[in-house]
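The values are calculated or read from the model by the stated rules, or taken from the named source; none is laboratory data. Small disclaimer: the values here were computed from a predicted structure and weren't measured. For neighbour counting, all protein chains shown are included, and Cβ atoms are generated from backbone atoms with ideal geometry for every residue, glycine included. Side chains are part of the model used for accessible areas, which takes the heavy atoms of the whole protein and leaves out ligands, DNA and RNA. Shrake-Rupley method; radii C 1.70, N 1.55, O 1.52, S 1.80 Å.
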Amino acid sequence: MTPSLLHQILDYANRADPYPIYEELRRTPVHHEADGPYVISTYYEIRSLLHDPRISSDSRNVASNAADPLAETATEEGALPPSFLKLDPPEHDRLRRMTNRHFGPPHSPHRVDGMRPELDDIVAGLIDGIADPGRIDLVEQVSYPFPVTVICRLLGVPREDEARFHTWADTLAASLDPDPDADPAERGKGASEARMQLGMYLAGLIEERRKNPGDDMLSQLATAKGEDGPMTTMELLSTAALLLIAGHETTVNLITNGMLTLLRNPDVLQRLRAEPRLAVPLVEELLRFEPPVQLLPQRVTLADIEVRGVTIPKDASLWLVLASGNRDPERFEDPDRFDPDRRDIQHLGLGSGIHSCFGAPLARLEAQLALSELARRLENPRLVEDPPPYRQNAVLRGPRHLHIACDGIRP
């Protein structure tokens, strides 16, 4: 008996290439199996639902929906209250607005771009640290440590504490990735311990920043007195933890998927080496072609909603398969071809609507700098194995390791 499409999406055997499954899924734009979630796979329907106020992202609604096989992993928050990623308006809007005052336009327009020289230095240092050009694990040596170091600098974590932050990030990232061979209780215990240690550390850092603020983002969040008033300590902890996890895992996958795609398209890699400015459109096409977040499972309907002639009932669990929408031939011509010269690229790789990726400007810049520097400095890079081993996670899809070799590293 052929496994259901839902089972195939979750099946690790399909992680390296889920796109044929998505193609089959699009034949039924609103796919529903027994008492499972309603799965939406076509571009225009996904985009519309991302802007629909009748769709809830509130983790308290998701938690009550036992029919969704990803609900438990999607809502695991530990002792902290939900971050704004898992809230609906007006709570979502207040916390996102307060956070954004210190991250991007109009109040902090230079926050991300001002980090460019520091990001350059971090990437260069990681590539300099590659000891053996013939044996490189891009994930372990570049794309994994890079984003967590950037988040530390953004928040204002002292340099001497960055190693501890890396350890917590490793543990929490591992907890997002299902491991069929591990004891769930032990994994849960380790993740809870890491969350508690991270929370205690951040609480101490917040207290310190309230007394002695710097120009880092955590200081500004801790001392803000805008129109929405100050964040509570618990809200600050949730927001800082969100920036660490969401800002780290997705960027790791974006950079790793990017290098994998370039090595499979050597002509594009050659162009990037010669034209560093190609990095900007290239990353946009990458967000369409191999998005780091494949699907959004944390959605529940607040009313009956009709989609393509199908009525999705109130309180139904909803999956929005962004990666399928990004390959929808009704929206993108020749969608299975990687083309950095593609025009009109309104992809879903960073979501859309009120929950569009908060850290998008930083993720874009990190990927642009990392990929262009790798293209410039690695001499004759090539894949050691293809496909590489992938993470178990069907939502945050990316290689667990990316083993490559090159002839040398340019200065």
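Kindly indicate whether any position in segment 63-79 is buried (at least 17 other Cβ atoms within 10 Å of the Cβ) and at pLDDT 90 or above. No, because not a single residue in segment 63-79 is buried (at least 17 other Cβ atoms within 10 Å of the Cβ) and at pLDDT 90 or above. Is segment 268-289 home to any residue that is touching a strand residue (DSSP E or B) at 6+ places or on another chain (Cβ under 7 Å), of a type outside the set (D, E, K, R) and part of a helix (DSSP H, G or I)? No, that holds for no residue. Just one of (1) acidic (Asp, Glu); (2) at pLDDT 95 or above; (3) within 23 Å of GLY349 (Cβ to Cβ) fails for ASP113. It is (2).
Per-residue answers, yes or no, for (1) open to solvent by 10 Å² or more (accessible area, probe 1.4 Å); (2) on the phi > 0 side of the Ramachandran plot; (3) of a type in the set (A, V, I, L, M, F, W, C); (4) over 19 Å from the mean Cα position of the chain (by Cα):
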| site | (1), (2), (3), (4) |
| --- | --- |
| VAL280 | yes, no, yes, no |
| PRO297 | no, no, no, no |
| GLU306 | yes, no, no, yes |
| THR311 | yes, no, no, yes |
| ASP328 | no, no, no, yes |
| PRO381 | yes, no, no, yes |
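Note on segment 1-53: enclosed helices (runs of 4 or more DSSP H) holding 2 or more residues that are within 25 Å of SER356 (Cβ to Cβ) and of a type in the set (A, V, I, L, M) are 43-50. Based on this model, can you work out whether GLU208 counts as without any contact (Cβ under 8 Å) to a residue 24 or more places away in the chain and crowded, with 16+ Cβ neighbours inside 10 Å? Yes: the conditions hold for GLU208.
Please determine, by comparing only the residues of segment 7-48 that are of a type in the set (S, T, N, Q) and touching a helix residue (DSSP H, G or I) at 6+ places or on another chain (Cβ under 9 Å), which one is surrounded by the most Cβ atoms within 10 Å (Cβ to Cβ). Among those that are of a type in the set (S, T, N, Q) and touching a helix residue (DSSP H, G or I) at 6+ places or on another chain (Cβ under 9 Å), it is SER41.
Within segment 88-107, can one find any residue that is crowded, with 17+ Cβ neighbours inside 10 Å, at pLDDT 90 or above, in a loop (DSSP other than H, G, I, E, B) and not β-branched (Val, Ile, Thr)? Yes. The C-beta contact set for segment 1-30 (first residue closer than 16 Å to GLU330 by Cα and at pLDDT 95 or above, second residue aromatic (Phe, Trp, Tyr) and outside any helix (DSSP H, G or I), distance under 7 angstrom, 6+ apart or interchain) comprises VAL30/TYR38. Of all residues in segment 121-137, those satisfying the criterion of being open to solvent by 70 Å² or more (accessible area, probe 1.4 Å) and in a helix (DSSP H, G or I) are ASP121, ASP128. Being open to solvent by less than 20 Å² (accessible area, probe 1.4 Å) and either under 25 Å from LEU295 (Cβ atoms) or not hydroxyl-bearing (Ser, Thr, Tyr) (or both) holds for only one residue in PHE358, PHE332, and it is PHE332.
Kindly indicate whether GLU275 is at pLDDT below 90 and open to solvent by 50 Å² or more (accessible area, probe 1.4 Å). Considered against the rule, which asks whether it is at pLDDT below 90 and open to solvent by 50 Å² or more (accessible area, probe 1.4 Å), GLU275 comes out as no.
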